[in-house]
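Every read-out reported here was derived from the displayed coordinates using simple, explicitly stated rules and does not represent laboratory data. In this text the structure is predicted, and so the values were computed from the model without any measurement. Don't worry about glycine lacking a Cβ; one is built from the backbone with ideal geometry, like all the others, and counts go over all protein chains shown.
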Amino acid sequence: MDLISLVGIVGGVAAILLSAILEGSELAALVHPAAMLLIAGGTIGATIACYSMEEILSITKSTMEAVKRASVEPEVLIATLGELATLGRREGLLVLEHYPLKLDNILLKRGIRLLVDGTAPEVLKDILVTQVATQEAQAKMQASIYQTAGGFAPTMGIIGTVVGLVHVLSNLSEPEMLGHAIAGAFLATLYGIGVANLVFLPLAKKLHYRAHQEAEVGLLIVEGLVSIQSGDNPRFIQEKLMSLIHEEKRGRVLAVQAAAAEVKQ
């Protein structure tokens, strides 16, 4: 699990609550069920009106994806593709069908199956690139749900504040109730802005980041398998793939290869 997302959200909420305590407020004063209901119901209602039922039902999966680690680390993938290239060149591509993959990646498994079936390099690349683009578009669509909710939440907060102030103005004959009513009105704005900037928008950014990561992994798989299909030298394939990742990750590739070599010995 990628704890940085959880730490960021919890830390942000904790900082706001701590600042309220330092200002002399009681945490109980920040609890207003009516405002919570308005923000939650209004934001959810407006958001689901923008998408299909299938897209909304995928939100749970999206949330889990936002806080989990990347499915495949690029350095491990490059080392694996290097092993596949070496084995394929030495014993033939058909032997790759029974290669014990340690990586659970749908694109990689499908690519190896197409490669073993004798798919032409250009056709193989076209199929896999299309799948990568489809997966990236799906991930970005799921991120847009959070982005949309992050846009609606502050507006719902303002609506809640207006509703609260209407209630205040209709009860001016009861001055002892005005303080509590005004505080409740402004809590709606606090809830709306808070949930947008501490939950929805960070999750949207995280999903966009994950989409970029998965697209990077997909590109490595496509380039690696096409090169293997073309019969390129395994060393050349790995050098080509390492040029597609960040420089700090290249050292990790060599470390993974060295560890694998020690295990074989």
**Fill in**
Per DSSP loop assignment and a cutoff of at most 14 other beta carbons within 10 Å, the chain keeps its longest run without exposed GluC sites (Glu not before Pro) at 27-265
**Message:** Placing one identical point scatterer on every Cα of the range 1-120 and ignoring solvent, what is log10 I(q)/I(0) from the Debye formula at q = 0.13, 0.22 Å⁻¹?
**Reply:** -0.80, -1.23
**Fill in**
Using alpha-carbon coordinates alone, the radius of gyration and Dmax of the range 33-265 in Å work out to 25.9, 90
**Request:** Could you list PHE236, PHE186 in order of exposure, starting from the residue whose Cβ has the fewest other Cβ atoms within 10 Å?
**Result:** PHE236, PHE186
**Request:** Once you've got the Cα coordinates, tell me which of LYS68/LYS102; LYS205/LYS240; LYS61/LYS240 are over 27 Å apart.
**Result:** LYS205/LYS240; LYS61/LYS240
